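Please read the structure below before turning to the comments.
The values are calculated or read from the model by the stated rules, or taken from the named source; none is laboratory data. Keep in mind it's a predicted model, so treat the numbers as computed, not measured. Here Cβ is always computed from backbone atoms with ideal geometry, including for glycine, and neighbour counts include all displayed protein chains.
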Amino acid sequence: MIITIGRQYGSGGRYIAKMVADQLNYAFFDDELLKLACQKAGFSEEMIRQFDEKPGNSLLYSTFVNSAVTTDNLPLNQKLAMAQFEIIEQLARSGNCVIVGRCADYILRNHPDLVTVFIHAPGEFRAARLEAYYGVPRQLTDKTMKKHDRKRADYYNFFTQKKWGASQSYHLCLDSSVLGVEGTAEAIVAYARLRERLN
């Protein structure tokens with residue numbers, strides 16, 4: 001089974017994803033995807049980070065999707081995305097795993113054992129997490145959340161032609177402030193185990 005987790009910034013989505021992977025004994029992929037993509041694309045990780053999860057020229061990308069050009073003709077950010085997408089497909093064939101972000105829910109949309117999740121939470125909850133875990137001053141939390149959420153939404157919407165966070169795109173949409181980070185992970189694990197039994 002493959003579990004993909006999209007998340008609002010500060011919702012605890014990455015921590016939840018890691019807990020889900022640990023409880024199910026699945027492989028876990030987040031930043032590892034970037035490192036693997038760097039190796040595949042032949043760029044240094046330091047050079048690549050500034051281009052990670054950024055959209056690009058939609059006309060050029062749509063031309064690529066229609067197989068008229070190779071990745072050699074794409075800008076660096078889109079070349080990196082294509083490398084990550086190929087790696088995501090490879091990981092899905094290699095066994096059970098949890099993948100965070102990177103449009104994985106869309107890339108693997110035809111996988112028969114796919115569970116797609118989106119984690120969100122109210123601004124106050126996320127702001128408190130940013131202060132507690134990332135040391136972001138309270139006066140900057142709103143700006144920080146908007147910046148990161150906009151980046152994720154632009155990237156997702158560009159490459160999938162869908163709307164990031166829209167409930168119809170996911171099997172589960174969970175507010176992590178209701179059950180807490182641990183409880184949200186438990187809910188996803190319970191759903192995944194039920195899916196396994198029903199398959």
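When segment 85-124 is filtered for residues that are surrounded by fewer than 19 Cβ atoms within 10 Å (Cβ to Cβ), of a type outside the set (Asp, Glu) and closer than 18 Å to residue 12 by Cα, the ones remaining, listed by number, are 122, 123. When segment 90-131 is filtered for residues that are farther than 23 Å from residue 166 by Cα and among the acidic types (Asp, Glu), only 131 remains.
Of the candidates 91, 179, 174, 130, the single residue that is in a helix (DSSP H, G or I), under 15 Å from residue 7 (Cβ atoms) and in contact (Cβ under 8 Å) with a residue 12 or more places away in the chain is 130. Suppose the filter is touching a Lys or Arg at 6+ places or on another chain (Cβ under 9 Å), within 28 Å of residue 23 (Cβ to Cβ) and either modelled with pLDDT of 95 or more or not small (Gly, Ala, Ser) (or both); does residue 170 pass it? Answer is no for this residue. If we scan segment 155-178, do we find a residue that is polar (S, T, N, Q), in contact with a Leu (Cβ under 9 Å, 6 or more places away or on another chain) and surrounded by 13 or more Cβ atoms within 10 Å (Cβ to Cβ)? Looking through segment 155-178, none of the residues is polar (S, T, N, Q), in contact with a Leu (Cβ under 9 Å, 6 or more places away or on another chain) and surrounded by 13 or more Cβ atoms within 10 Å (Cβ to Cβ).
If you go through segment 125-143 and keep only what is loosely packed, with under 11 Cβ neighbours inside 10 Å and in contact with an Asp or Glu (Cβ under 9 Å, 6 or more places away or on another chain), you end up with 137, 138.
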